[in-house]
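Every number in this text was worked out from the coordinates using simple rules, so none of it is lab data. As the structure is a computational prediction, the values presented were derived from the model and not from experiment. When we count neighbours, we look across all protein chains shown, and the Cβ atoms used for this are built from the backbone with ideal geometry, even at glycine.
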Amino acid sequence: MVKSILTRKTTVSDRAQWQSRLDGVLPKVREVLEAEAGFASVEYVWGAEDDGEFAQITVWKTLEDCQRYVREGGAATVGAIEDRAIPTASHPDGAWVRKTYEDAA
């Protein structure tokens, strides 16, 4: 399995407000993700420093599945859905960073 962790900082600094906004768009995000080949799961986590940073963690069956999601527009679609509800902070704080990892055997 491959885990893709996307982090960014939002203009929303209140965790409860972030959670409420996320809950509102999560059904649409899941719909897009579940249509992607090799998608296994999605999870969101709020930064422990309570500074508006959060991460989206997606799990994929293979690296190729994850790369296809990123390269063929699925990730951009999900990003646009998220950003409308949870706006990204201004540059340079709002940089989107994706790291991809494979599970240890």
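All Cα-Cα separations within region 2-102 were binned at 5 Å from zero, giving a P(r) of 3, 13, 25, 26, 18, 11, 4, 0, each value a whole percent of the pairs. Couplings 3J(HN,Hα) for region 30-43, derived from phi with the Karplus relation 6.51 cos²θ - 1.76 cosθ + 1.60 (θ = phi - 60°), are 4, 4, 5, 5, 5, 7, 8, 4, x, 5, 10, 6, 9, 8 Hz, where x marks Gly and Pro. Computed per residue of the chain from DSSP H runs no shorter than four, each worth -39500 (n - 2.57), the mean residue ellipticity at 222 nm is -12500 deg cm²/dmol. Here region 90-105 is scanned for amide nitrogen atoms under 14 Å from the site 7 Å beyond the Cα of Thr62 along Cα-to-Cβ, giving none. Legend: ranking of residues Trp60, Trp18 from fewest to most surrounding C-beta atoms inside 10 Å; resulting order Trp18, Trp60. Of Ala16, Thr88, Gly74, which is farthest on the positive side of the dipole of region 2-102, counting Cα position, with +1 on Lys and Arg Cβ, -1 on Asp and Glu Cβ, and the Cα centre as origin? It is Gly74.
Sort 5-17, 88-100 for me by packing, meaning the mean count of neighbouring Cβ atoms within 10 Å per residue, highest on top. Walk me through the intermediate numbers first.
Working: 5-17: 15.8, 88-100: 12.4.
Sorting 5-17, 88-100 by mean packing, highest first, produces 5-17, 88-100.
Taking other C-beta atoms within 10 Å as the exposure proxy, Glu82, Glu31, Glu53 rank Glu31, Glu53, Glu82 from fewest upward. Here the Karplus curve 6.51 cos²θ - 1.76 cosθ + 1.60, taken at θ = phi - 60°, turns the phi angles of region 14-21 into couplings of 9, 4, 5, 5, 4, 4, 5, 5 Hz, with x standing for Gly and Pro.
Rounded to the nearest Hz, the phi-derived 3J(HN,Hα) couplings of region 71-87 under the Karplus curve 6.51 cos²θ - 1.76 cosθ + 1.60 (θ = phi - 60°) are 7, 9, x, x, 5, 5, 5, 4, x, 5, 4, 4, 5, 5, 8, 10, x, where x marks glycine and proline.
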